[in-house]
2 protein chains.
Amino acid sequence: MKKITIGEAARQSGVKVPTIRYYEGIGLLREPSRSEGNQRAYEPSDLHRLTFIRHARELGFEVEAIRTLLSLQDNPLQPCASADAIAKARLVEVEQRIRSLMALKAELEMMVEGCGHGRVDQCRVIEVLADHAQCTHHGH
Amino acid sequence: MKKITIGEAARQSGVKVPTIRYYEGIGLLREPSRSEGNQRAYEPSDLHRLTFIRHARELGFEVEAIRTLLSLQDNPLQPCASADAIAKARLVEVEQRIRSLMALKAELEMMVEGCGHGRVDQCRVIEVLADHAQCTHHGH
DNA sequence: TCTTGCACCTCTAGTCGCTAGAGGATGTAG
DNA sequence: CTACATCCTCTAGCGACTAGAGGTGCAAGA
């Protein structure tokens, strides 16, 4: 098996070099073997793990959730209810976030459209911010 | 004008007490006058400013953007192009974030639906995370 | 062989927007 | 007068990195 440097691992996984070292520090990634000159030498399995982590981070999973997902991956004979629960919880979060962002979008659009590009004292943007009652959405 | 305590200001503005002190520390809020016993005494104008800040934070504006928006509000005779630009930039951010979250939602739904509640080695959640090529959306 | 220059090493501190807690002073109600 | 809530300042912590200092390793060209 070919070992690769941390820089190469970064290139291939899409995770930055300091972030890889950070993941090692918090125990997401095992400590790799070292070259004679004390440089980290990664194996293909580390690369897989890194890619898994990157993908999960992109999906917005927190490090603690990823820790659980990784330990599930390491024990493939367990029931996958935990993985399912984690993904479902994340899905609910994402759905909520989308709803809230849609409301914000509507409010921002109202602000921007209402701006007549005149002076600040007639500006809808400032006005809406100053007076919450003008919001169409009062959920926040 | 009636002065109020920081706790009352927190209650009326919806901004927590330590957060109000924090805003003062970073210069978003002026230093209020003090009572004999060195306790902060806020005026109605401070309350307006706090509400403005809270509302802007809820809309996701960063503190630096709010600093600019506040200085615009303080100088109402200026043209409002800056406020407009800030709001527009925020709108673009929100739209991008919504798009990206929609893609994540689709991917998470696929993961959750595919999970047959069996063992981890057949779990779609883990599988998709491990193999990025299975994603329907390759933007990330 | 030497040197250039990049990639690597460890360690600490900074980012953002708060939040938590220690340890003490003040204000108010009974 | 005594509780007790609220206030004060100060420092440290959160998550997930990112930046920088100060030093070592290594491969390639002159």
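A count restricted to segment A:28-57 and to residues that are within 13 Å of DNA strand D (Cβ to nearest atom) and either out of contact with any Phe, Trp or Tyr (no Cβ under 6 Å at 6 or more places or on another chain) or not assigned by TED's automatic domain parsing to the domain that holds A:ARG67 (or both) stands at 17.
Number of residues in segment A:1-27 that are in a loop (DSSP other than H, G, I, E, B), surrounded by fewer than 20 Cβ atoms within 10 Å (Cβ to Cβ) and near DNA strand D (Cβ under 10 Å from one of its atoms) equals 3. Being within 25 Å of A:VAL125 (Cβ to Cβ), within 12 Å of DNA strand C (Cβ to nearest atom) and out of contact with any Asp or Glu (no Cβ under 8 Å at 6 or more places or on another chain) is the filter here, so list the residues in segment B:28-54 that pass it. Correct list: B:LEU28, B:LEU50, B:ILE53, B:ARG54.
Of everything listed in (1) within 14 Å of another protein chain (Cβ to nearest Cβ); (2) over 19 Å from B:ASP131 (Cα atoms); (3) within 16 Å of DNA strand C (Cβ to nearest atom), the single unmet condition for A:ARG57 is (2). Restricting attention to segment B:28-60, the residues being in a helix (DSSP H, G or I) and touching a Ser or Thr at 6+ places or on another chain (Cβ under 7 Å) number 4. Mind checking whether some residue in segment A:53-73 is surrounded by fewer than 14 Cβ atoms within 10 Å (Cβ to Cβ) and farther than 30 Å from A:ARG97 by Cβ? No: zero hits. Residue under question is B:ARG97, and the condition is that it be within 16 Å of the chain's Cα centre (by Cα) and away from DNA strand C (no atom under 12 Å from the Cβ); does it hold? When the stated conditions are applied, B:ARG97 passes them.
The values are calculated or read from the model by the stated rules, or taken from the named source; none is laboratory data. These figures come from a predicted structure and were not determined experimentally. Here the Cβ is made from the backbone with ideal geometry for all residues, glycine too, and neighbour counts use every protein chain on show.
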